[in-house]
1. Sort out which residues of the range 126-139 are outside any loop (DSSP other than H, G, I, E, B) and surrounded by fewer than 15 Cβ atoms within 10 Å (Cβ to Cβ), and write them in order of number.
2. How about the range 78-125: which of its residues are in contact with a Gly (Cβ under 9 Å, 6 or more places away or on another chain), over 19 Å from LEU20 (Cβ atoms) and assigned to a loop (DSSP other than H, G, I, E, B)?
3. Please pick out the residue among VAL181, VAL164 that is away from the ligand (no atom under 16 Å from the Cβ), modelled with pLDDT of 95 or more and buried (at least 16 other Cβ atoms within 10 Å of the Cβ).
4. For the range 134-148, state whether one or more residues are closer than 26 Å to LEU76 by Cβ, touching a strand residue (DSSP E or B) at 6+ places or on another chain (Cβ under 7 Å) and not β-branched (Val, Ile, Thr).
5. Is it the case that the range 142-158 has a residue that's surrounded by 22 or more Cβ atoms within 10 Å (Cβ to Cβ) and either within 11 Å of the ligand (Cβ to nearest atom) or assigned to a strand (DSSP E or B) (or both)?
6. Give just the number: which of (1) away from the ligand (no atom under 16 Å from the Cβ); (2) free of Cβ contacts under 8 Å to residues at least 24 places away in the same chain; (3) surrounded by fewer than 19 Cβ atoms within 10 Å (Cβ to Cβ); (4) assigned to a helix (DSSP H, G or I) does GLN22 not satisfy?
7. Take the conditions within 13 Å of the chain's Cα centre (by Cα) and hydroxyl-bearing (Ser, Thr, Tyr) and apply them to TYR145. Does it pass?
8. Have a look at SER9, SER17 and point out the one that is within 15 Å of the ligand (Cβ to nearest atom), assigned to a loop (DSSP other than H, G, I, E, B), crowded, with 21+ Cβ neighbours inside 10 Å and at pLDDT 95 or above.
Amino acid sequence: MRLLHIDSSPLGGNSVSRELTQRVVAQWRATHPHSRVEHLDLAREAPSHLNLDSLGFRLGVNAEGLSDAQRQENELSEKLVSQFLAADVVVVGAPMYNFSVPSQLKAWIDRVAQAGRTFKYTEKGPVGLAAGKTVIVASSRGGMYSTNPALTSLDHQESYLKTVFGFFGITDVRFVRAEGVAMGEEAKQKALANADIEIKAAVTEAANDEAAALVA
Ligand SMILES: Cc1cc2nc3c(=O)[nH]c(=O)nc-3n(C[C@H](O)[C@H](O)[C@H](O)COP(=O)(O)O)c2cc1C
């Protein structure tokens, strides 16, 4: 089993989402001791924003016609999409930034969202090509969104990630979250304790679903 561990917060040791992804991975390792874990740190090695060179793969330019810069960008996009497709489980550290995700994470999504690799268009509409994975998103945010109906519509972070991974054909997308972390120390500790419960539940449920699928 291959687990891809992605972090996108630039805050290093002060990051809540990094703390959560570490806990998810530790929990996963405890139930799946033979997992192979690969870490992708997007704060340290984020792909650049898409530009004319990195969009080569979408423009359908054949390999011979590519410039050196386009070839290099294509290699990076190919490395990222292959790494993603090879993973059985993907753990994504996703802080909320300005109601959405950090641009480092968006830049990664832009590289792996490739027609013919993670999705395709058919006469009946888009079809995801990355089905069968489990994605666990470790979400951190300063305010409370999940419990306040008036704020739910402002969440373009979790809802966006659910949409993107769903577009790739992934139906097993689980969220563990620490929210309200900017609402005082007590609220932050409560959020972390709550996230801990969610992490144990998410990993246990994923393991149970996996076992049930093997028996079926
Ligand atoms: C640039 C920036 C933008 C943020 N935008 C929001 C926001 O829109 N809503 C919110 O509730 N919290 C927001 N926050 C708070 C973060 O979501 C919160 O601190 C979270 O813990 C960040 O994840 P991290 O600790 O893993 O870096 C923002 C923080 C930063 C640094």
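The values are calculated or read from the model by the stated rules, or taken from the named source; none is laboratory data. All values derive from a computational prediction rather than experimental measurement. Cβ coordinates were reconstructed from backbone atoms using ideal geometry, including for glycine residues, and neighbour counts include every protein chain displayed.
1. Selection gives PRO126, VAL127.
2. Result: ASP88, THR118.
3. VAL164
4. yes
5. Yes, the range 142-158 contains a residue that is surrounded by 22 or more Cβ atoms within 10 Å (Cβ to Cβ) and either within 11 Å of the ligand (Cβ to nearest atom) or assigned to a strand (DSSP E or B) (or both).
6. Every condition holds for GLN22 apart from (1).
7. no
8. After ruling out the rest, the residue left standing is SER9.
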